[in-house]
Amino acid sequence: MKLNKRKTLGILAIAVFIIIQLFGIDETLPPVVETENFYNDKSVPEDVRILLRNACRDCHSNETEYPWYINIQPLGWWLKGHIENGREQLNFSKWNSYDDKRKARKVDECIEVMERRRMPYKSYTWIHKKAQLSDDDYERLIAYFESVK
């Protein structure tokens, strides 16, 4: 019996999808040093800490809470890439290890990102409803970062 091209491609696609599930991501989190962690800084107001934890922590800290769908490839690879890039750009778990010049630059970047409403990504907030920021939330974060400049 001869399979047509469409069926052959469909079977091949399913086989590839099943095989790539064997190559999941490493979900090991880098260590969190409490003295370096922005979220443990007692001078950060509780409302700001909560906003940042809800909207930023998964991609901008070593405290990522991986969702169940991280185990579906290639989605997991894509998400892991976003998380690694986010940590490279800004890692609140390493905040107090940054020198003053780098902290000042990161504060300016946070203000710019908040003013332009560029974070968190819409694709993130679709699923993570607690990460959705209101205009008041953005203004609160901007005011906080302005105050620490």
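The values are calculated or read from the model by the stated rules, or taken from the named source; none is laboratory data. These numbers come from a predicted model, not from an experiment. Ideal geometry is used to build each Cβ from the backbone, glycine not excepted, and the neighbour counts take in all protein chains shown.
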Inset, instruction - Consider S123 carefully, then state whether it is within 30 Å of Q21 (Cα to Cα), of a type in the set (S, T, N, Q) and at pLDDT below 95. - result: yes
Inset, instruction - Check I14, I50, I19 and return the single one that is more than 19 Å from I83 (Cα to Cα), in a helix (DSSP H, G or I) and within 16 Å of the chain's Cα centre (by Cα). - result: I50
Inset, instruction - Test S123 against the stated conditions and say whether it is polar (S, T, N, Q) and more than 13 Å from the chain's Cα centre (by Cα). - result: no
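Would you check which residues across the range 60-71 are farther than 14 Å from T28 by Cα and surrounded by 15 or more Cβ atoms within 10 Å (Cβ to Cβ) and list them? Talk me through it step by step, then tell me what you get.
Residues of the range 60-71 farther than 14 Å from T28 by Cα: 60, 68-69.
H60 - this is the single residue of the range 60-71 that is farther than 14 Å from T28 by Cα and surrounded by 15 or more Cβ atoms within 10 Å (Cβ to Cβ).
Given the structure, is I111 surrounded by 13 or more Cβ atoms within 10 Å (Cβ to Cβ), over 17 Å from the mean Cα position of the chain (by Cα) and among the aliphatic types (A, V, I, L, M)?
Numbers: surrounded by 13 or more Cβ atoms within 10 Å (Cβ to Cβ): yes; over 17 Å from the mean Cα position of the chain (by Cα): yes; among the aliphatic types (A, V, I, L, M): yes.
Yes: the conditions hold for I111.
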Inset, instruction - Determine if the range 34-56 includes at least one residue that is closer than 30 Å to D136 by Cβ and in contact with a Gly (Cβ under 9 Å, 6 or more places away or on another chain). - result: yes
Inset, instruction - Please find, within the range 114-149, the residue that is surrounded by the most Cβ atoms within 10 Å (Cβ to Cβ) out of those that are within 21 Å of L79 (Cα to Cα) and among the β-branched types (V, I, T). - result: T125
Inset, instruction - Taking the residues in the range 22-40 that are part of a helix (DSSP H, G or I) and within 16 Å of the chain's Cα centre (by Cα) as candidates, determine which candidate is surrounded by the fewest Cβ atoms within 10 Å (Cβ to Cβ). - result: Y39
